[in-house]
Amino acid sequence: MAKITYRHPRGTVTVVDVPAPNTVMRGAKLNDIDGIEAQCGGSAQCGTCHVYVDEDCGVVLPEMHEVEDDVLYGTASPRRANSRLSCQLPVSDALDGLVVDLPQAQS
Ligand code: FES
């Protein structure tokens, strides 16, 4: 279980408890949070689950795999140093307190 904060570009902030096994993407979908499309269903192909991780939240994320790295070059909103695919972030206790910003556009 992890408490995850999703911040929308319009200013909406949603904080939810997401149980494992899920991903940060799935946590958004389960809670009807706008801003995550996840067109490929979580297989790291579409880039529409793009998030910007708040680097001040203190959560250490799993390392990025090559496929995720490649897909992040094709996202609708610009890639930044803190960009991740939320479908590649499995929820565990280690993600408790994670804060992500949703991009302006996903497709
Ligand atoms: Fe498609 Fe994450 S849901 S890349």
Among the residues of the stretch 75-107, which ones are near the ligand (Cβ under 10 Å from one of its atoms) and farther than 14 Å from Val53 by Cα? Thr75, Gln106
Those residues of the stretch 67-87 which are of a type in the set (A, V, I, L, M, F, W, C) and part of a helix (DSSP H, G or I), in sequence order: Val67, Val71, Leu72, Cys87
For the stretch 30-40, which residues satisfy the criterion of being at positive phi and touching a helix residue (DSSP H, G or I) at 6+ places or on another chain (Cβ under 8 Å)? Gly35, Ala38
Does any residue of the stretch 53-66 turn out to be out of contact with any strand residue (DSSP E or B) (no Cβ under 9 Å at 6 or more places or on another chain) and part of a helix (DSSP H, G or I)? yes
Close pairs (9 angstrom Cβ cut-off, 6 or more residues apart or separate chains): more than 18 Å from Ala105 (Cα to Cα) and more than 6 Å from the ligand (Cβ to nearest atom) in the stretch 23-47, among the polar types (S, T, N, Q) and assigned to a loop (DSSP other than H, G, I, E, B) anywhere: Leu30/Asn22
Residue that is farthest from Ser86 (Cα to Cα), among those in the stretch 21-42 that are surrounded by 13 or more Cβ atoms within 10 Å (Cβ to Cβ) and of a type in the set (Gly, Ala, Ser): Gly35
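Quick note: the coordinates plus some simple rules give every number you see, no bench work behind them. None of these values were measured; they are calculated from a predicted model. No Cβ is skipped: glycine too gets one built from the backbone with ideal geometry, and neighbour counts run over all protein chains shown.
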